[in-house]
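The values are calculated or read from the model by the stated rules, or taken from the named source; none is laboratory data. As the structure is a computational prediction, the values presented were derived from the model and not from experiment. Heads up, the Cβs are rebuilt from the backbone with ideal geometry, glycines too, and the neighbour counts pull from every protein chain shown.
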Amino acid sequence: MLRAFTPVPVVDLSSKERIQSIYSSDDKLFVGLASGTLKVYQIDDSLSLSEPDTSSPKKESTGGSPVKLITSIEKFTKGSVDQLSGLEDARVLVALSNGYVYLYDLDTLALQERLHRTKGAVVFATSSELKFHSLFNYPPSTANDRRPSTADIQRSVSRLVVAAKKKLHCYEWQGAELIGSREISVSERPRSLTFIKPDKILCGLVVEYFLVDIPASTVSPIFAAGRPIGAIDNVLAGVAANIGNIASSASASARRQGCALATRLPEDESVVLVNEFSSAFLSADTGTFLKTKRPIKFRDVPAMLGYSYPFVISVTASSKRLEVRNPKTYTLLQQISFPTLQHLNDGKLPFVASSRQVWKLSLRPFEAQLDFLIEQNQLDEAVSLIEQLDDVFIEDRINKLKDLKMRKAELLFGKYKFSQSMTLFSEVSAPPERVLALYPPAISGMEYPNHKDGPTEEEPEGPEPKGEETTEQKKEEQPITGPAEGESSEKANGEIATDTNVLPPPVADMNATLPQAQGSIPIAADAISIADSTNAEAQRKRDLEIFDRFLRPTKSNSSSSKVDNSNAIGKGSRGADTSSLSDSLANFLSFGKASTTKTMRSGLGDPDFLGPESMDARTLAKAVRCLLIYLIDARRKISRLASVQSGTITKADLDLVSKESMTATAFGADLEREACVVDTALLRCYMLINPQLVGPLVRLANHCDKKVVREQLMMYGKWSELIDFYYAKKLHGDALGLLKQLSESKKTAFSGPEPTVQYLQKLGNENIDLVFEYAKEPIKINEQFGIDIFMANTPEAESLSRPRVEKFVLSISRSLTIKYLEYVVFELGDLSPEFHNDLALAYLEDVKSNAQLYSLDDEMVQQPVRKLLKLLRESKQYKPEKILRAMPRDSTLFMESKAILFSRIGEHRRALEIFVFSIKDYGKAQDYCMSVYDTDAPNSKTVFYTLLELYLRPPPTKYIAAHGYNKASAFSRRGSDASLDTGLSPPSSAEYLRPQQNGFYKSPSTSSMNDAYEHPPMNLEAALDLLSNHGSRLSAIDALELLPSDTNMTSLGQFFESHLRETNTTISRDRISAALLKTELVRTQQTLLKLRSKNVSISDTKTCPVCLKRLGSSVISVFPDRTVVHYGCAKSYKETVDSKNQVRHNVDE
Amino acid sequence: MLKVIILGDSGVGKTSLMQQYVSKKFSNQYKATIGADFLTKQDVRVDDRNVTMQLWDTAGQERFQSLGVAFYRGADCCVLVYDVNNAKSFEALDSWRDEFLIQASPRDPESFPFVVLGNKIDVEESKRAVSQKRALAFCQAKGNIPYFETSAKEAINVDQAFEVIARNALVQEESEEYSSDFSDPINIHLDNDRGGCCS
Ligand SMILES: Nc1nc2c(ncn2[C@@H]2O[C@H](COP(=O)(O)OP(=O)(O)O)[C@@H](O)[C@H]2O)c(=O)[nH]1
Ligand SMILES: [Mg+2]
């Protein structure tokens, strides 16, 4: 039993004397006797709160008596001193004697006044505002700082209320000055008075309770005729009714000592009312019943009641025992036996007295009290105590509290109250390691504390990799951890485990309950009987199946021994599979831990608890399910802390939305690591009891240990979760590696290339190398996958570096390259010349290679030709030179393309050569000229002439042949390279016009030169056609020069006509414009004249008619009548003119 | 009492939908919700039963990870809201769903009822960023989640959506009741008050 208070005998009077009242002030103890004598003792200061260290030597040094008699005044009052109290701020000592209240000077003890009106007084009460708010004595070190200042004392109000007959007489002091009194009538004689606020008093009558508000002089009933006022639920009504019946034995003694059996509990501002065995609580603020607080149950009827921080103290009706209770938990913490007690002086300095003796109740230091409670495993009490204490009493109070709660949580865990345990762990943000240590490695992933000592296992969490070894070990361990046979011991265990009210039995008892594996079986049986609805049954089955699944990979070998065990236990048919499963689970979980049990036990401080390995599957499942409470909360808190640390959110933001205050120290310093521990454990839990949640967990931002995730998910073939995990973690290499493996397997949903492709589609440029690495194979299977990966209209696909993708697809296939480049050029509208060039070149290659395999007019050839043409025509981005260089010189397939290219580089002659000699389409040639003809561009204004020249002075045949214009074949095998130079060389008219330069024009038909200079026949017909259609677009002189001299004039008729018409048109147009310009000139001159006539001249002497100052170079205003004034004077000038006009106007009328 | 939790990116119209459903009001002003808050709608008729629905709204604090256990505990239905004119809010749905599943850890995640609402369909068609087809495909992939296109502003489909939410929540609550006695078999026996004394 806790020793909160130590009774120290301080006064021992002779048997003739009888103590009638006691009162203690800060440093004095007043004892009033029946004889009317007052004895005043000095309380030794060194014996204040911190002193009673229970260190006996110290006690002896003070000679056994911590108080010294200062004075003893006989005949202090005429009759016995029935009640004593003090108004310390007013320095008044109040005494009740002979039915009167007397006031004395607290220091000199001189009588000040007998309060005449208090005749018939039976009881009084005092209150001080200052005192009301200081609950306890601070340790000496801080006492000085907290002592109220004189100013405070002077302002403070003290009150005295005396109950006499059917009246309350109230007196009020401010500082030391009596400032007023009033009377309040009540319906009956009050029997007890208790201040519940500095200005509110609870007044007990025979069968009623009133709350009296002194300043307002109001009296409001709380009970009337034994019944509470207002709506109260039934239970409370019963209790309250009981209390209302104040005329009981207890209240008699209460009245005698001047206080009702009511006391204020400052920590929650409530008032506890006690009658007989029952109790109820009032709010000190409102006077209403508190329905939320359950009553205190007393075993013995209390006769006196009080509060001494932080405990409720009471004296039993037998008056032989003082009881100390925690006002929160109501737990009876201490009982002290005394000879019959008559008086209780509660408050800061509690004293009790019998008729001859006084004891000081000396408070033991709280630290020592706490240690004791902890030692006794009374963690609830320890927690409650530490919660009620002020920081000054306990060093590092917050952390101590946290630690205590964790211990309590561990204790609860040991009692299988998993949910409460985990909620408590969450409440204090316990470090995850500490919580997880309660669970087997399969959950915690941790080794047992002493595991490293053992010669076994290095990887306790991985049953798979060492499957065989573990099974073997399990077998070996069975004699130690395996199930026992005794039914009786089962029963004993069950009782212990289910009865929470009983404190842990002595260790000796507990030893008998070994071994542990079956320790919890009765609970499992209980649970089954509870879970008898069909639904629950189904759920249970499913859970067990999950466990079974969880176990299967490791237990194949041990199945035979398992059967034996379950038979040996001989459970009912329903329990059979549960127990066998639980055994195997227990075995599974406990391998290599025979020696661990002890550590666990002492660690938990609860000898009942046999460690997690003693749980059956169902219990463990529940423990694990409850662990989620903690883990989810921890995950959330850690993530929040992390975002505060990383600055993602500010502390202020956080405070705005959450009342939870948290510091990083709530968890370990290494948040990252804590997060990993928590998330990994969460994963393990889900694997065990709710595998469907693994997916969500690994998809979200998480800190799961990669190794564990892989191990766990692989073990159960949770491929899609594993891939999601890799994806979320950006471990794309791992994911793709796995997908590759899976794609080769036949049976999974992941066989074939599609899953890989889908994964690749989610990757962007930062993973482009991986994309390439893993795209190869699917594309080899089907080129469409290439399209899916590189040409999807997704941000990811579009983010991929185009040049790199091009390079990649190029290495795979031309057709894919073409598709990709088409996508880039046409769909994405990429304007980089490289892609346009490359696309053109790719088409070119396509044509070339297909031409080898198919006939020239086959679609396989013609299609790329058309595409090439389209690109060359539409795109402005490619480099024509580059394409030209790649064109085979002599292939008819590319002639039109070449024409376009030549045209692009301004080589109109070359382009026209193609139309004329290769394609032989003169219409197209004319069209071409039309399309490029531009009189302003030096290059293009002569195209018609060029064409005419080609018709009439064709280049030498060899030249034509050299450019492949007249070849019928696709192209020769000479390839294009050889012709590069010729293809690009500037139009070397010299080459074939040499004869002319030599002053020798050689008609092709009459050519007798060697082959090299042989010219094809001129095409007069086409030339004439050109001249008649476009004659005006070339110089007639140049054209006529080219025409052979024997040309029929009639055939040139149209040419001349159009030329003449054109010339005429030009002439008349020019004439008109000349005439128009002349007109314009005249008009302009006229304007000039008009403007000139409006001038005004300003000379040095010219003045402004308004202000008569010189105009100088100021800004001026010129009026229509050519008057010149300063710009600033314009307004007033205008006004004068206007008014003149006005006057004139009026006169006219 | 059915507990319904509404999740989704900020600004998609969660608060507005609730307001519209509970008090038939809409405000154009955007006021960020602070703290987890709930509205109660009484006398919701589900078939021939009268139920009370508690709608829990979330605020910016989703960002702060500060929605505590109390927020998720005992949820009967989770409503995922996105803005049809905002593709990002749609893409976030998956995470919202996952986050809910982890936080609430329902016993049977597969059968836990979700409802997806695509809100703000009153906005002009040209602004639309998520097609109905895409949304439906998502809902189907996640186990046939009921899907509604709503407008809190014009009160389109709001009542219809919440009717389904209420019905599904009720089913969930009933199934929980069935299994609840299984969930805490040990507590039932051991958790009597330990008032009295200990000596
Ligand atoms: N046009 C339109 N605006 C809406 C709709 N629902 C909400 N809003 C607006 O969207 C903004 C955000 O709404 P709110 O309900 O606060 O979003 P929450 O952050 O998800 O709670 C507000 O300005 C609303 O007025 C709707 O259906 N149509
Ligand atoms: Mg909101």
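In table form, for the structure just shown:
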item	result
All positions within region A:380-399 that are more than 34 Å from the chain's Cα centre (by Cα) and closer than 14 Å to residue A:332 by Cα	A:381, A:382, A:385
Helices (runs of 4 or more DSSP H) fully within region A:815-910 counting 3 or more residues that are surrounded by fewer than 19 Cβ atoms within 10 Å (Cβ to Cβ)	A:833-853, A:859-874, A:880-886
Qualifying positions in region A:77-92 - of a type outside the set (Ser, Thr, Tyr) and within 18 Å of residue A:345 (Cβ to Cβ)	A:81, A:82, A:83, A:84, A:86, A:87, A:88, A:92
Selection count, region A:695-747, where residues are part of a helix (DSSP H, G or I), within 14 Å of another protein chain (Cβ to nearest Cβ) and not β-branched (Val, Ile, Thr)	10
Subset tally (residues that are of a type outside the set (D, E, K, R) and exposed (fewer than 14 other Cβ atoms within 10 Å of the Cβ)) for region B:115-133	3
Matching residues, region A:767-793, being closer than 14 Å to residue A:810 by Cα and aromatic (Phe, Trp, Tyr)	A:772, A:790
Given (1) closer than 30 Å to residue A:627 by Cβ; (2) at pLDDT 90 or above, index of the condition residue B:52 fails	(1)
Residue B:84 aliphatic (A, V, I, L, M), modelled with pLDDT of 90 or more and touching a strand residue (DSSP E or B) at 6+ places or on another chain (Cβ under 6 Å)	yes
Condition broken by residue A:409, with the remaining ones in (1) more than 14 Å from chain B (Cβ to nearest Cβ); (2) more than 33 Å from the chain's Cα centre (by Cα); (3) of a type outside the set (Lys, Arg); (4) crowded, with 19+ Cβ neighbours inside 10 Å satisfied	(2)
Subset tally (residues that are acidic (Asp, Glu) and not in a loop (DSSP other than H, G, I, E, B)) for region A:921-941	1
Residue list for region A:288-303, filter: within 14 Å of chain B (Cβ to nearest Cβ), over 23 Å from residue A:352 (Cα atoms) and buried (at least 21 other Cβ atoms within 10 Å of the Cβ)	A:295
Residue list for region B:1-18, restricted to those being within 12 Å of ligand 2 (Cβ to nearest atom) and surrounded by fewer than 19 Cβ atoms within 10 Å (Cβ to Cβ)	B:10, B:11
Region A:754-779: number of residues that are buried (at least 21 other Cβ atoms within 10 Å of the Cβ) and touching a Pro at 6+ places or on another chain (Cβ under 7 Å)	3
Strands (runs of 3 or more DSSP E) lying entirely in region A:159-214 (those with 2 or more residues that are out of contact with any Leu (no Cβ under 7 Å at 6 or more places or on another chain))	A:167-174, A:177-185, A:192-197, A:209-213
Pairs, first on the phi < 0 side of the Ramachandran plot and among the small types (Gly, Ala, Ser) in region B:115-130, second outside any strand (DSSP E or B) and crowded, with 24+ Cβ neighbours inside 10 Å, C-beta under 6 Å, six or more apart	B:118/B:84
Output for region B:13-49, where each listed residue is at pLDDT 85 or above and either within 14 Å of chain A (Cβ to nearest Cβ) or within 10 Å of ligand 1 (Cβ to nearest atom) (or both)	B:13, B:14, B:15, B:16, B:17, B:18, B:19, B:20, B:26
Yes/no for residue B:116 being under 19 Å from residue B:78 (Cβ atoms), in contact with a strand residue (DSSP E or B) (Cβ under 8 Å, 6 or more places away or on another chain) and within 15 Å of ligand 1 (Cβ to nearest atom)	yes
